[in-house]
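S.K.: One structure, as C-alpha cells, below. Some questions next.
The values are calculated or read from the model by the stated rules, or taken from the named source; none is laboratory data. The model shown is predicted, which means the values in this text are computed figures rather than measured ones. Cβ coordinates were reconstructed from backbone atoms using ideal geometry, including for glycine residues, and neighbour counts include every protein chain displayed.
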C-alpha cells in the first residue's frame, strides 16, 4: 500500500494570466505615466482649480489621493469635450471647496451607515424574536418539509404528516 502524500502545489498559485484568453482580455496597457504630487498640483492648476496653499494641497493629495478627490471635481469640469482636458467650468472653484465636499461626503456616509447598522440589528432581532413570540401566543408551527397545513385537524387526518403543532398551556 502506497503512503498518502499531500498534493503538490504549483510554484505560483495565482493565475499568471498567460494561458487563458479570458485573462488576456483583462490585462490593460496603461500609457499614462504616474504623476508626482507636484505634477498633480500643476495639472489641477492648469485645468483652472485655485490652489491657495500648495503645502496643504500636497498633504491632502498624499493622504486622500488625486483620483479619490477627482470624483469630487468631476461635476465642475468639462468632461464632454476631449480637447478641453477636463477644464473647470468656473474660475472661482478652490481646492478647499473640493476637500470640503469630500469631508461632507465622508461624514454623511458615516452617519448613514451608522443608522443603517441600527436598522439592520433591529430587523434581525425582530425576525429572530418572531418565532419565540408565536410560541408564547400558542400558535407556533414547525414544518419539517415545505407542505403547509391549513389547520391542526387537517394535519391529524393526513398520514405521514410532517407538520408539528404546538399549543402552549
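S.K.: How many residues does the range 77-115 contain that are at pLDDT 95 or above and touching a strand residue (DSSP E or B) at 6+ places or on another chain (Cβ under 6 Å)?
M.R.: Count: 0.
S.K.: Further question on the same structure: What pairs come out if I take residues in the range 23-45 that are over 19 Å from residue 68 (Cα atoms) and pair them with residues that are modelled with pLDDT under 90 and surrounded by 10 or more Cβ atoms within 10 Å (Cβ to Cβ) whose C-beta lies under 9 Å away, six or more apart or interchain?
M.R.: From residues that are over 19 Å from residue 68 (Cα atoms), the pairs are 23/15; 23/17; 24/17; 26/17; 27/17.
S.K.: Quick check, is residue 34 under 28 Å from the mean Cα position of the chain (by Cα) and more than 14 Å from residue 98 (Cβ to Cβ)? Spell out how you get there, then give the answer.
M.R.: Details: under 28 Å from the mean Cα position of the chain (by Cα): yes; more than 14 Å from residue 98 (Cβ to Cβ): yes.
Considered against the rule, which asks whether it is under 28 Å from the mean Cα position of the chain (by Cα) and more than 14 Å from residue 98 (Cβ to Cβ), residue 34 comes out as yes.
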